[in-house]
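A short worksheet on the structure shown next.
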Amino acid sequence: MCGIVGYIGSREAYPIIIEGLKRLEYRGYDSAGIALFDGKDLKIAKTKGKVSDLEACVEKETSKTGNVGMGHTRWATHGVPNDVNSHPHASNSGDLAIIHNGIIENYDALKKELTSRGYTFKSDTDTEVLINLIEDVKKKENVKLGKAVQIALNQVIGAYAIAVYDKNKPEEVVIARLGSPLAVGIGEDEFFIASDASPFIEYTKNAIYLEDEEMAIIRLGKAIKIRKIKDDSLVDPYIQELQINLEQIEKGGYDHFMLKEIHEQPRAIRDTYRGRLLRDEAIIKMAGVEDNMKKFLNADRIIIVACGTSWHAGLVAEYIFEEFARIPVEVEYASEFRYRNPIITEKDVLIAISQSGETADTLAAIKLAKSKGAFVFGVCNVVGSSIARETHAGAYTHAGPEIGVASTKAFTTQITVLTLIALRLARAKGTMSSSDFRLHLHELELIPQKVEQLLQVDQHVKEIAKEYLLSTNCLYLGRGYNFPVALEGALKLKEISYIHAEGYPAAEMKHGPIALIDDRMPVIVIAPSKGHYEKVVSNIQEIKSRKGKIIAVVTEGDTAVRDIADHVIEIPDSEEAFSPLLTTIPLQLLSYHIAVMRNCNVDQPRNLAKSVTVE
Ligand code: G6P
């Protein structure tokens, strides 16, 4: 996690770096820092807190001048978030400075070694160890900065995206990556460095994404040179044209990114199936699936790996794949899968789901599955991300940039992509009749307008939120396709409002959670008319008999639940399998409003980060 921004050129670096850090704050926001070369010296300012705190700190303590600089927004791994542990870190001589995203796992051994040779450390970070290791190599081997970085990185175990600067060589920055993303924006006589392209999209559309184990020396007036860290071999730089624009990463009149992203869902879902769902021709066209159809059809099973909200989308997909395409599916937390010596064969298809395409555990699970010969398919939102590149094939969600840390439109678009795949496979396998297939295409195409209609419940949900903003616990229940939605609803609430919330399959309530129910316990029950409706109504009765407060999500026109529940939120009717795309919307809004009323930082909840590039 952590966000990195660097600039080298002829513009003032300060505003570019500060604005860039603000755009990267989703990656971590417990401390921030900046180093600027003012023509004579390297000025470092850093502080605990957000980028806005850094601005105040620079205002007080140092200058904003310089055409070369780098900045960092941190999500602490080693060392608590405080001023000293913030990046950039300088070497003992003060000549070198570094910003780092990742973890140096063998930092302790390296630190002991460096300490024994007289190096001292101000911070508790692994990063300060790395910059002194680089300085040590540079002096001992009498090599230039680029070489010193390379030698040092070959001694390091862990993950990193780094930018290193030597104040005696002001026109040069050395960058490297292993496991954490790093992009270089190429302008005319200027370079931008960042964890993703958002800090530089208004300056250039040309970018190079560094691959793992690559480093680059960026010098003003020279073409960028990329080398393999291990063997020093040169790599041809691949310059990509960026597709995102500034508007997509701004709030567009909404109070929070999360709210904007909730409201973007009709458009996002439409963009996800656009060009893929061809209703008139009654086909689904997805190149990544088509080109690998044999692999899918011969698969003994599909293993889905993901983390967080993406894992919940995977759970919904399990129901859909098994129902439509009759292929056995297993859904795994990537972090568990990668460490439990799983049985993987060449006949397995692994689908990795990730909004950011950078989640360290998901990436590791992919590498493991590939090493065992499985076919690996990615479902990512961020174009060109590590997971998109590491997988054999894939399908993008096309949700557009998601900036709110709590995932919303990524979830619904992931479900949409996975539904398209399941439908395509169902046709190929003959597990769905052509009339059912047509019906499903038609129904899926109706979802965006139903979401649009559903978003009008906003005010009603806000009123409900007022009654529960002081709750300390909350239960979410759903069955079948809507069990994962219950998990996702609970995750949204705890992520952004810090209210303890649990999601459960409704019938499991009897096996434990029912003990928690009393008149102060709100229970959100997802009870659409299709899919175990009567059973869920019985569960609602059981909650009512124990005086629990019931907020029910029901299909419009429902009367049975209305009589028992304290509040109902109506959703439009739909195919049972598509109901998660609707039921999840009011739950997103409920969490959002409760969090806003509790004065929580909705877009940047405490302790979280959007892109988890450490395991
Ligand atoms: C973090 C984010 C979640 C996200 C999860 C997986 O925890 O805060 O919103 O669901 O990572 O991220 P991915 O990018 O792989 O979907």
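Computed from the coordinates by the stated procedures, all read-outs in this text should not be read as laboratory data. Nothing here was measured: the structure is a model prediction, and the numbers come from that model. Here the Cβ is made from the backbone with ideal geometry for all residues, glycine too, and neighbour counts use every protein chain on show.
Note on the chain: helix-only mean residue ellipticity at 222 nm, from DSSP H runs of 4+ residues weighted -39500 (n - 2.57) and normalised by residue number, equals -11500 deg cm²/dmol.
A full extension of the chain between Thr472 and Arg562 corresponds to an added length of 29.9 nm, given 0.36 nm per residue minus the alpha carbon distance.
The length gained by stretching the chain between Ile283 and Arg301 to full extension, at 0.36 nm per residue less their Cα-Cα distance, is 4.1 nm. Charge dipole of the chain (Cα centre as origin; +1 on each Lys and Arg Cβ, -1 on each Asp and Glu Cβ, all else neutral): 780 debye, rounded to the nearest 20. Restricting attention to segment 446-511, the count of lysine pairs at 8 or more positions apart or across chains with alpha carbons under 20 Å apart stands at 5. Taking label positions 7 Å along the Cα-Cβ direction at both Glu61 and Glu241, the computed distance is 4.4 nm, reported to one decimal. The label point for Lys122 and the one for Glu463, both projected 7 Å from the Cα toward the Cβ, are 5.7 nm apart. With K and R counted +1 and D and E -1, the other residues having a Cβ less than 15 Å from that of Lys510 yield a net charge of +1.
For a straight C-alpha distance cut-off of 14 angstrom, the aspartates and glutamates reachable from Lys260 (same-chain residues fewer than eight places away being disregarded) are Glu247, Glu250, Glu402, Glu452, Asp458, Asp603. Per-residue extension of 0.36 nm, minus the Cα-Cα distance of Val80 and Glu452, leaves a gain of 129.6 nm for this segment. With each label modelled as a point 7 angstrom along the Cα→C-beta vector, the Asp231-Asp436 pair spans 5.2 nm. Each peptide in 28-37, 301-310, 62-71 gets a packing score, the mean of other Cβ atoms within 10 Å over its residues, and the list from highest to lowest is 28-37, 301-310, 62-71.
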